Amino acid sequence: MSKRHNDHQKIDEVLASFVDNNKLEKGLDSVNVANAWRELMGNGIQSYTNSIKLHNGTLYVALSSSVLREELNYGKDKIIAMINEELGKDVVKKVVLR
């Protein structure tokens, strides 16, 4: 049977340590960026979104509407700012709309 440790830790500290030790930060960022895209863009844009991927600070979004893709191209800086603000850290550096 394992021994109990008497030192108390907060759950957020334990989870942060677990994420660091297992190198899960990139995977969690990818999931959080996809969720932020869905939440911030709403149902209208979400219905035209085929896939969302985060790779090395670049967010790749595949869209099924060329008109929507051109419209969103004009607001890339705003999209980056909104997603990073939602996540509370600078995860997205560049957006590529396909």
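The values are calculated or read from the model by the stated rules, or taken from the named source; none is laboratory data. Treat the numbers as computed from the prediction; the structure is a model and nothing was measured. So basically every Cβ, Gly included, is an ideal-geometry build from the backbone, and we count neighbours across all protein chains shown. For the accessible areas, the whole protein counts, side chains as well, though only heavy atoms, and no ligand, DNA or RNA atoms are used. Shrake-Rupley method; radii C 1.70, N 1.55, O 1.52, S 1.80 Å.
Is there a residue being of a type outside the set (A, V, I, L, M), farther than 18 Å from Glu85 by Cβ and surrounded by 12 or more Cβ atoms within 10 Å (Cβ to Cβ) anywhere in region 32-46? Checked region 32-46: at least one residue is of a type outside the set (A, V, I, L, M), farther than 18 Å from Glu85 by Cβ and surrounded by 12 or more Cβ atoms within 10 Å (Cβ to Cβ). What about Ala62, is it surrounded by 11 or more Cβ atoms within 10 Å (Cβ to Cβ), outside any strand (DSSP E or B) and not charged (D, E, K, R)? Here the answer is no, as Ala62 does not meet what is asked. Counting the residues of region 47-59 that are closer than 14 Å to Asn84 by Cα and part of a loop (DSSP other than H, G, I, E, B) gives 1.
Restricting attention to region 4-26 and to residues that are farther than 22 Å from Asn84 by Cα and assigned to a loop (DSSP other than H, G, I, E, B), the residue that is least open to solvent (accessible area, probe 1.4 Å) turns out to be Asn22. All conditions but one from (1) within 11 Å of the chain's Cα centre (by Cα); (2) charged (D, E, K, R); (3) open to solvent by 70 Å² or more (accessible area, probe 1.4 Å) apply to Asp29; the one that does not is (3).
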